[in-house]
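Some notes on the structure that comes next.
The values are calculated or read from the model by the stated rules, or taken from the named source; none is laboratory data. This one's a predicted model, so the numbers in the text were calculated from it and none came from an experiment. All Cβ positions, even for glycine, are placed from backbone atoms using ideal geometry, and neighbour counts span all protein chains on display.
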Amino acid sequence: MKRRNFIKSASITGVGFTISASILNCNEGNPEKNDKASAIPTNALPLVIATWDVKESTQKAWEIIQDGGSALDAVEQGCMVEEANEKGQSVGKGGLPDRDGNVTLDACIMDKNGNCGAVVYLQNITHAVSVARKVMEETPHVMLAGNGAQQFAIAQGFEPENLLTEASKKAWENWKINSEYKPIINIENHDTIGMLAIDQNGDISGACTTSGLAYKMAGRVGDSPIIGSGLFVDNEIGGCVATGLGEEVIKTVGSFLVVELMRQGKTPQQACEEAISRIVNKPNSDYKNFQVGYIAVNKKGETGSYAIHQYFSMTKFQNGLNETIQADYIIKA
């Protein structure tokens with residue numbers, strides 16, 4: 001079970017946090033920090049984690065790393081597997097369209113050095129994550145949108161194609177009968193893939209790609225392509241990716257928050273839990289009617305995952321084992 005329909009009830013006490021002085025300390029050239037990085041348990045790395053049950057994607061990413069590829073190569077090619085999966089109806093080709101029948105994609109990618117690239121409202125190009133990487137590597141910009149992003153992709157050699165499959169078109173036509181506009185959370189299929197990897201050098205990269213909310217307003221952009229919200233990587237600390245209702249992730253700059261909490265000494269699990277509590281405890285939060293989930297990894301190869309509602313999962317490939325792990329959640333029936 002996966003991500004668009006997790007609706008239950010609960011309440012929780014909020015947890016605050018104080019920004020520590022370590023946030024201001026880059027620790028560049030700090031021998032002690034370098035010693036800590038070199039002390040990573042050898043059996044913890046490399047590793048790949050991703051949102052939802054996406055074993056084929058994590059398998060591909062793992063193979064890239066095992067063949068000597070970088071974490072950046074791994075997350076790109078791992079996400080590409082889901083972008084090409086027409087049956088998924090939530091990432092890349094075959095994604096459910098907006099309310100006007102157009103499939104629009106959002107994606108971002110971030111490397112070990114903090115470089116990043118993103119595309120929003122991209123149409124007619126399957127591999128949005130690869131276009132995002134081209135934005136990062138071939139332009140002075142971080143983000144390209146709409147027609148500009150599509151023109152850039154074509155100039156870079158990407159072939160345009162119709163992303164609306166017959167199955168997604170039929171689902172959209174059925175939706176139009178009532179045309180009820182509200183966020184749809186689907187426990188039967190994820191609508192984002194976020195991936196983090198640590199390669200054999202101990203370097204971290206991440207990527208996130210999606211076709212966004214089904215039947216969204218034309219032009220809507222969620223958290224997935226927003227650096228700091230849908231994805232954030234700090235190679236000295238760790239990384240985080242988000243899934244769920246993007247508007248709520250953006251309001252708390254969720255992935256950045258998780259990484260900063262890890263900087264202060266929290267484990268990935270503790271950081272994900274606190275980030276979720278921030279959303280749930282916002283005044284007048286409608287958290288019973290939407291889902292948000294986080295996965296995270298720190299420099300030592302420790303991982304965490306947490307969500308508002310049940311059924312969110314994380315796929316992890318580590319020590320030769322590719323497994324899907326059900327995440328804990330804050331709302332208990």
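Restricted to region 222-262, and to residues there that are among the polar types (S, T, N, Q) and farther than 16 Å from Arg278 by Cα, the residue that is surrounded by the fewest Cβ atoms within 10 Å (Cβ to Cβ) is Asn235. Applying the criterion of being more than 20 Å from the chain's Cα centre (by Cα) and in contact (Cβ under 8 Å) with a residue 40 or more places away in the chain to the residues of region 281-299, the residue that is nearest to Ile237 (Cα to Cα) is Asn281.
Of everything in region 225-268, what is among the hydroxyl-bearing types (Ser, Thr, Tyr) and farther than 26 Å from Gly202 by Cβ? Give them in sequence order. Write out each step before concluding.
First, the residues of region 225-268 that are among the hydroxyl-bearing types (Ser, Thr, Tyr): 229, 243, 252, 255, 267.
Answer for region 225-268, where residues must be among the hydroxyl-bearing types (Ser, Thr, Tyr) and farther than 26 Å from Gly202 by Cβ: just Thr252.
The criterion of at least 3 residues that are of a type in the set (Ser, Thr, Tyr) and at pLDDT 95 or above is met by the following strands (runs of 3 or more DSSP E) wholly inside region 237-333: 303-307.
Hey, among Asn281, Asn319, Asn289, which residue is surrounded by fewer than 18 Cβ atoms within 10 Å (Cβ to Cβ), closer than 29 Å to Ser179 by Cα and of a type outside the set (Asp, Glu)? Step through it out loud before you land on a result.
Values: Asn281 fails: closer than 29 Å to Ser179 by Cα; Asn319 fails: closer than 29 Å to Ser179 by Cα.
When all the criteria are applied, what remains is Asn289.
Applying a threshold of 8 Å to beta carbon distances and a minimum spacing of six or more residues, or different chains, the list of pairs starting in region 116-140 at a residue that is among the aromatic types (Phe, Trp, Tyr) and ending at one that is surrounded by fewer than 23 Cβ atoms within 10 Å (Cβ to Cβ) and in a loop (DSSP other than H, G, I, E, B) reads Tyr121/Gly219; Tyr121/Val221. Annotation: Gly68 fulfils all but one of (1) in contact with a Ser or Thr (Cβ under 7 Å, 6 or more places away or on another chain); (2) outside any helix (DSSP H, G or I); the unmet one is (1).
When you scan region 132-175, how many residues do you find that are among the β-branched types (Val, Ile, Thr) and either buried (at least 20 other Cβ atoms within 10 Å of the Cβ) or closer than 21 Å to Val75 by Cα (or both)? Walk me through it before giving the result.
Applying the first criterion (among the β-branched types (Val, Ile, Thr)) to region 132-175 yields 135, 139, 142, 154, 165.
With either buried (at least 20 other Cβ atoms within 10 Å of the Cβ) or closer than 21 Å to Val75 by Cα (or both) added as a condition, the list becomes 135, 139, 142.
Summing the residues that are among the β-branched types (Val, Ile, Thr) and either buried (at least 20 other Cβ atoms within 10 Å of the Cβ) or closer than 21 Å to Val75 by Cα (or both) in region 132-175 gives 3.
Yes or no: Gly212 in contact with a Ser or Thr (Cβ under 7 Å, 6 or more places away or on another chain), at pLDDT below 95, closer than 16 Å to Met143 by Cβ and buried (at least 19 other Cβ atoms within 10 Å of the Cβ)? Here the answer is yes, as Gly212 does meet what is asked.
Put simply, of Lys55, Lys36 the only residue that is modelled with pLDDT under 85 and surrounded by 14 or more Cβ atoms within 10 Å (Cβ to Cβ) is Lys36.
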